[in-house]
Amino acid sequence: MQQYKKVEQTDIQFLKSVFDERHVFVGDEIHEDYFHDEMPEYGSFKPEVLVKATSASQIQQLMKYATQHKIPVTPRGAGTGLCGGCVATIGGILLSVEKLNKIIEIDSATMTAVIEPGVYLMDLIDEVAKEGFLYAPDPGEKSATVGGNVMTNAGGMRAVKYGVTRDYVKGIEMVLPTGELECFGGKIAKNSSGYSLKDLMIGSEGTLGICTKLYLKLLPLPKKMTSLLIPFNSISDCLNCVPIIMNRPYIPITCEFMEKEVILDAQEYLGKSFPDQKSAAYLLVSYGAESKSILEEIIDEIASLVLEHKALDVFISDTDDRQESIWTARGAFLEAIKSSTSTMDECDVVLPLDKMESFLEYVKELQDEYLVRIRSFGHAGDGNIHVYVCKDDMEDARWQEVVKETMSKMYEYAQKCQGQVSGEHGIGHAKTDFLKESLGESQIAIMKGIKNIFDPSMICNPQKVLK
Ligand SMILES: Cc1cc2nc3c(=O)[nH]c(=O)nc-3n(C[C@H](O)[C@H](O)[C@H](O)COP(=O)(O)OP(=O)(O)OC[C@H]3O[C@@H](n4cnc5c(N)ncnc54)[C@H](O)[C@@H]3O)c2cc1C
């Protein structure tokens, strides 16, 4: 177990000499929102100090000092994470990048956006769209920072066609835990120059340094888009149709699955009705094309194909109202499930496409065995399933047993299916044991070796990813 220094008055004086005094918060000045992320279920942790950086140079000075004095530093974006990655589990300094939020440049010649890490995803998407560009990664929570997205390698609904956040990071500037500033990559479109340290940084959840600037790949905006809501009699029929859709030359932009119960939760949460809720399961598939006629051709072909494969109907969302009602409901699933229960735990496994059905059958068996309500939805096109075990009014001691056992069994089953612990939300401090179990000793030892090279004093987001 590492020993860390507690923050003292001299450290606070140092921080106030580096940061604007108004951006240094101590003790009760720290708002409790900073004690947790979007899963307060994983605990509430009060940092000793909160600082809000406005430049990379401040972060360099901070990290050098923290390494010298062995004070833990936890980086934080918008705090929308779902695995307790941005919380100060052992106190120390919480470093917020929320004020590092400039869009520095939208460079059309290299199709690159250069931004600071605290820019909100929704702002980036809007700003580049004004210049005719698409920033393709589309994680559900648009008020997350792009830095947080990069540090968790966030996925989202459009990953099935466009890939995940990693695929859109051309370069990343990082302050290393020892205070040096390094830029890995840049505006270049490709790179075969040695080990890809850029890729090592992406998804490192703030354990290898602090991201201070990003070079992001942009695409041209697709001209026409439409979504299809496809009902099925069962989740098996629904998931069996996914490879049929994916095996066509037109790759859908999104391919989401949802069960009736989750749609009903979302209707209740939003107080708005979903276009259809009679069937047991649905796929929500969308396509983009250069012209209306090409899009119609794709839709016609896909509609006939799915109807031959047990789809009950195909609802084309060709009006703004219908489009809005479907996607608003889809965007609210997580919040809707959360608000339907006293507390819950989440599992974000990713599986080979042909194992999703058997995994979800297993989840149903667990639901029956443990008499606990379990809800799921997810990114069917890339095998990423979000499963929520809900406490409802279960007695506390029983809940602790049930959640522990159901989670362990789900991760074990995912491993048997050659899946991985997290498809997009990351490991944080909540999923470290499951990662260790899943990757095994030798891969964990390699990761620890890497961590040690970048962060010899172990001050950068300790207890996250690796314990
Ligand atoms: C309703 C809802 C829907 C969601 N949908 C999706 C989804 O579809 N796909 C998906 O992938 N996720 C989703 N998420 C999870 C979450 O939004 C993402 O994990 C997001 O990437 C976190 O960004 P953030 O700015 O909130 O980061 P935080 O939660 O603040 O931090 C996340 C991690 O990144 C580190 N970090 C943040 N900024 C920096 C930095 N500048 N330098 C170094 N480390 C840093 C933190 O230490 C932490 O480990 C959803 C969450 C909610 C609440």
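Contact annotation: residue pairs with Cβ atoms under 6 Å, 6 or more positions apart or on different chains, pairing a residue in region 53-70 that is closer than 17 Å to Val97 by Cβ with a partner that is among the small types (Gly, Ala, Ser), are Ile59/Ala53; Gln60/Gly179; Met63/Gly179. On the basis of being aromatic (Phe, Trp, Tyr), away from the ligand (no atom under 11 Å from the Cβ) and buried (at least 16 other Cβ atoms within 10 Å of the Cβ), does Tyr168 make the cut? Yes: the conditions hold for Tyr168.
Any idea which residue in region 25-44 is farthest from His69 (Cα to Cα), counting only those that are surrounded by 20 or more Cβ atoms within 10 Å (Cβ to Cβ) and not charged (D, E, K, R)?
The first filter runs over region 25-44 and keeps only residues surrounded by 20 or more Cβ atoms within 10 Å (Cβ to Cβ), leaving 34, 37-39, 42.
With not charged (D, E, K, R) added as a condition, the list becomes 34, 39, 42.
Working: Tyr34: 23, Met39: 31, Tyr42: 28 Å.
Within region 25-44, the match that is farthest from His69 (Cα to Cα) is Met39.
From the list Leu284, Leu216, Leu229, exactly one residue is out of contact with any Gly (no Cβ under 8 Å at 6 or more places or on another chain), touching a residue at least 12 places away in the same chain (Cβ under 8 Å) and under 30 Å from Ala66 (Cα atoms). Which is it? Quick ask: steps written out before the conclusion?
Numbers: Leu284 fails: under 30 Å from Ala66 (Cα atoms); Leu229 fails: under 30 Å from Ala66 (Cα atoms).
From the options Leu284, Leu216, Leu229, the qualifying one is Leu216.
Listed by first and then second residue, the pairs with beta-carbon distance under 6 Å, at least 6 apart or on different chains, first residue in region 349-360 and closer than 24 Å to Thr432 by Cα, second among the β-branched types (Val, Ile, Thr) and modelled with pLDDT under 95, are Leu360/Ile235.
Residues that are within 20 Å of Ala154 (Cβ to Cβ), in contact with a helix residue (DSSP H, G or I) (Cβ under 8 Å, 6 or more places away or on another chain) and touching a residue at least 12 places away in the same chain (Cβ under 8 Å): does region 398-408 have at least one?
Just the residues of region 398-408 that are within 20 Å of Ala154 (Cβ to Cβ), to begin with: none.
No, every residue in region 398-408 fails to be within 20 Å of Ala154 (Cβ to Cβ), in contact with a helix residue (DSSP H, G or I) (Cβ under 8 Å, 6 or more places away or on another chain) and touching a residue at least 12 places away in the same chain (Cβ under 8 Å).
All of (1) at pLDDT 95 or above; (2) within 14 Å of the ligand (Cβ to nearest atom); (3) closer than 21 Å to Leu124 by Cα hold for Met157 with one exception: (1).
Within region 206-236, if we keep just the residues that are small (Gly, Ala, Ser) and either in contact with a Phe, Trp or Tyr (Cβ under 6 Å, 6 or more places away or on another chain) or more than 30 Å from Pro275 (Cβ to Cβ) (or both), the residue that is farthest from the ligand (Cβ to nearest atom) turns out to be Gly209. Six or more apart or on different chains, Cβ under 9 Å: which pairs go from a residue in region 73-86 that's closer than 17 Å to Glu346 by Cα and more than 6 Å from the ligand (Cβ to nearest atom) to one that's outside any loop (DSSP other than H, G, I, E, B) and of a type in the set (S, T, N, Q)? Could you list them? Final answer for the pair search is Cys83/Thr152; Cys83/Ser422. Take the conditions (1) in contact with a Gly (Cβ under 8 Å, 6 or more places away or on another chain); (2) closer than 23 Å to Phe45 by Cβ; (3) away from the ligand (no atom under 14 Å from the Cβ); Leu334 misses just one of them, which is (3). Of the residues making up region 357-380, just one is more than 13 Å from the ligand (Cβ to nearest atom) and within 15 Å of Val160 (Cα to Cα), namely Ala380.
How about region 193-230: which of its residues are assigned to a loop (DSSP other than H, G, I, E, B), at pLDDT 95 or above and of a type outside the set (Asp, Glu)? Outline the logic, then answer.
Filtering region 193-230 down to residues assigned to a loop (DSSP other than H, G, I, E, B) leaves 193-196, 202-209, 218, 221-223.
Among the residues that remain, those that are also at pLDDT 95 or above are: 193-196, 202-209, 218.
Answer for region 193-230, where residues must be assigned to a loop (DSSP other than H, G, I, E, B), at pLDDT 95 or above and of a type outside the set (Asp, Glu): Ser193, Gly194, Tyr195, Ser196, Ile202, Gly203, Ser204, Gly206, Thr207, Leu208, Gly209, Leu218.
Scanning region 212-256 for residues that are β-branched (Val, Ile, Thr), within 23 Å of Thr319 (Cβ to Cβ) and under 24 Å from the mean Cα position of the chain (by Cα) returns Ile253, Thr254. Within region 151-173, residues that are touching a residue at least 24 places away in the same chain (Cβ under 8 Å) and among the acidic types (Asp, Glu) reach partners that are in a strand (DSSP E or B) and more than 10 Å from the ligand (Cβ to nearest atom) with beta carbons closer than 8 Å, at six or more positions or on different chains, in the pairs Asp167/Lys217; Glu173/Leu181; Glu173/Glu182; Glu173/Cys183; Glu173/Phe184.
Scanning region 90-114 for residues that are buried (at least 21 other Cβ atoms within 10 Å of the Cβ) and within 11 Å of the ligand (Cβ to nearest atom) yields Leu94, Leu95, Ser96, Val97, Leu100. The single condition among (1) at pLDDT 95 or above; (2) farther than 26 Å from Asp37 by Cβ; (3) touching a helix residue (DSSP H, G or I) at 6+ places or on another chain (Cβ under 6 Å); (4) of a type outside the set (Gly, Ala, Ser) that Leu312 does not satisfy is (3).
Count of region 125-145 residues, restricted to those that are touching a residue at least 24 places away in the same chain (Cβ under 8 Å), buried (at least 16 other Cβ atoms within 10 Å of the Cβ) and more than 12 Å from the ligand (Cβ to nearest atom), is 6. Of all the residues in region 254-294, those that are in a loop (DSSP other than H, G, I, E, B) and buried (at least 22 other Cβ atoms within 10 Å of the Cβ) number 0.
Answer with yes or no whether Val175 is surrounded by 20 or more Cβ atoms within 10 Å (Cβ to Cβ) and within 15 Å of the ligand (Cβ to nearest atom).
Values: surrounded by 20 or more Cβ atoms within 10 Å (Cβ to Cβ): yes; within 15 Å of the ligand (Cβ to nearest atom): yes.
So Val175 fits the description; yes.
The values are calculated or read from the model by the stated rules, or taken from the named source; none is laboratory data. Bear in mind the structure is a predicted one, so any value in this text is a computation, not a measurement. Positions of Cβ are generated from backbone atoms using ideal geometry, with glycine treated the same way; all protein chains shown enter the neighbour counts.
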